1. Every residue in the stretch 105-126 that is touching a strand residue (DSSP E or B) at 6+ places or on another chain (Cβ under 7 Å) and part of a strand (DSSP E or B), please.
2. Check Ile76 against each of (1) aliphatic (A, V, I, L, M); (2) out of contact with any strand residue (DSSP E or B) (no Cβ under 6 Å at 6 or more places or on another chain); (3) surrounded by fewer than 17 Cβ atoms within 10 Å (Cβ to Cβ) and name the one condition it does not meet.
3. Are there any pairs with C-beta distances below 6 angstrom linking a residue in the stretch 252-277 that is farther than 22 Å from Gly242 by Cβ to a residue that is of a type outside the set (Val, Ile, Thr), with the two at least 6 apart or on different chains, and if so which?
4. If Asp205 passes every condition in (1) more than 24 Å from the chain's Cα centre (by Cα); (2) within 22 Å of Leu286 (Cβ to Cβ) but one, which one does it miss?
5. Go over the candidates Ser85, Ser60 one by one and state the one that is buried (at least 20 other Cβ atoms within 10 Å of the Cβ) and over 17 Å from Asp168 (Cβ atoms).
6. Residues Arg374, Arg398: which one is in the same structural domain as Arg315 (by TED's automatic domain parsing), of a type outside the set (A, V, I, L, M) and over 31 Å from the mean Cα position of the chain (by Cα)?
7. Assuming Trp383 fulfils every condition listed in (1) over 30 Å from Glu299 (Cα atoms); (2) in contact with a strand residue (DSSP E or B) (Cβ under 7 Å, 6 or more places away or on another chain) apart from one, which condition is it?
8. Scanning the stretch 76-104 for residues that are outside any loop (DSSP other than H, G, I, E, B) and polar (S, T, N, Q), which turns out nearest to Arg51 (Cα to Cα)?
Amino acid sequence: MNTSDPPENGPTSESEVCFISSKARANFVDKRVRTKMEDYGHYDFSLDQVRALNIFFDLSQEFRGRELFYDTCMAIPRMMFGLESCLYVLEDEDNFVLVGRTSGFDGDFPAIRDWDEQVGVGIVQDGDYLFLPVHCNPDYNDLLPFRPPENIIGNFVFRGTKRLGDSDRLFLEKYVNRVGFQLHNRLLRDRNREHLGFIRNLVEDIGHNVIVPNMYFKLYFNQLRRMIVSLDRLGDEMQALGREKKESGCMVCAHRIRDVYGGMKEKFDEIYRHYVQTSMFLETLLRRRHFEEGRYVLEKRPCNLRSQIVEPQLRRYLPRLEERGVLLDMTLGGAPADQIIRMMVDIGLLSQVFANLFSNAVKYTRPVDLPDGRNGAFMSYGWKMVKGHFAPGMDGIRMYVLTTGKPLSLLDPLEVFQPGFRALNEPDEAGTGHGLFFVRQVVELHRGEVGYIAHEYGNEFFFILPFEMEGAPALDLPHRCPEFSEAPSS
């Protein structure tokens with residue numbers, strides 16, 4: 001959907017309003033206000049009924065606890081209109097629980113009941129009792145512990161309703177609707193409290209059961225490294241002994257030890273590099289502050305862009321690129337500049353940005369015919385300074401990964417950075433559609449910007465970061481807040 005235009009017949013819900021222009025949103029709100037003005041004109045509520053709605057709104061904001069809220073819901077109809085009542089709340093998909101009743105409410109009403117002819121989807125008048133379903137906000141019912149059937153989260157039962165006219169019944173329906181939305185908000189708030197409590201405990205568990213034990217691996221790696229070095233020294237000693245004693249068997253053993261040493265060192269270096277990167281990713285993604293603040297929090301440090309961020313990730317993905325027949329060709333978009341680039345960034349998060357881009361290159365690079373006559377699958381990467389990109393005196397650094405293959409067909413270049421986006425031209429490649437959105441999140445947290453360019457022979461993904469150096473004053477740039485927060489796919 002083009003975000004500058006409203007849906008064909010105009011938005012019909014709050015969720016649709018999020019994707020239209022500010023002018024269309026204002027028109028939508030104006031229309032809803034006029035509709036409500038007309039509705040209240042038709043309702044023709046009495047002064048006491050209007051007061052009851054206002055009192056309920058005031059007290060529902062004042063009382064935080066759910067029990068006081070339940071008592072308030074039932075007290076207002078009793079004190080202002082002489083209506084005794086009880087209130088059921090849906091405990092799960094099948095069972096309603098009686099959460100309160102006024103002192104004058106009589107009748108054989110069980111503490112727990114399931115869906116039946118009285119408590120159900122519709123409004124039921126049974127003798128002197130009026131059963132009104134309590135509806136939740138359908139736009140947010142997926143945030144509840146379970147999805148309530150028919151968007152119903154309770155049932156309000158009033159006694160003494162035989163004498164009521166249509167206008168009074170309509171008032172009770174509108175009153176119960178307001179009860180439903182306020183009850184929904186409280187259920188969400190309780191669920192959020194439980195969620196936050198779980199996250200706090202999870203952070204403690206992660207620190208105790210994941211991060212701290214992972215640190216011991218470094219000790220084990222150091223011990224293993226010393227053992228491998230000892231093996232190399234043993235080979236030297238064996239070779240020296242063979243020369244001294246002129247024993248061919250010693251020389252053979254020395255060569256075998258050296259072969260074992262070379263293989264073990266190669267594998268050790270590979271595993272250790274993987275450990276270092278995985279540890280960095282774990283410690284970066286599982287920082288306590290991410291959980292405490294509910295978003296990614298940057299920890300910027302000075303770094304060498306090439307040696308500390310780009311090249312470690314490239315080494316991880318080069319074997320996978322080679323397996324796919326993808327060649328590194330720096331002539332496609334220009335080789336990285338030779339100068340050392342030192343800047344202030346979150347090393348762990350920016351490393352994962354490049355990990356996502358290189359991972360996508362493994363999955364989506366395809367052979368093409370290049371203008372110079374060559375055929376094959378190629379990848380290029382690089383960076384360059386962009387003078388005054390963000391403002392006069394505020395330079396940027398543009399980093400990119402370019403791969404060959406069929407260009408994406410997009411109405412909006414930023415569409416590919418939306419959560420859940422999957423390219424239709426490669427449906428067989430596994431993925432969640434979160435990787436590029438994670439790239440966008442991290443870049444925007446650095447107050448940068450992302451972009452995509454379709455080339456005749458491939459796809460270029462790039463991002464531009466403010467060029468911050470250690471000791472320089474913080475750049476006064478508008479903070480781009482990501483709309484969502486999700487974990488990366490790599």
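The values are calculated or read from the model by the stated rules, or taken from the named source; none is laboratory data. Since we're looking at a predicted model, the values are computed, not measured. Virtual Cβ from ideal backbone geometry, glycine too; neighbours counted across all protein chains shown.
1. Scanning the stretch 105-126 gives Ile112, Arg113, Asp114, Val124.
2. Status for Ile76: all satisfied but (3).
3. Hits for this filter: Tyr272/Phe221.
4. (1)
5. Working: Ser85 fails: over 17 Å from Asp168 (Cβ atoms).
None of the other options fit; the residue is Ser60.
6. Values: Arg398 fails: over 31 Å from the mean Cα position of the chain (by Cα).
Checking each option against the conditions leaves just Arg374.
7. Status for Trp383: all satisfied but (1).
8. Going through the stretch 76-104, the residues outside any loop (DSSP other than H, G, I, E, B) turn out to be 76-81, 84-90, 95-101.
In the following step, the residues that additionally are polar (S, T, N, Q) were identified as 85, 95.
Numbers: Ser85: 19, Asn95: 33 Å.
Per the criteria, the residue is Ser85.
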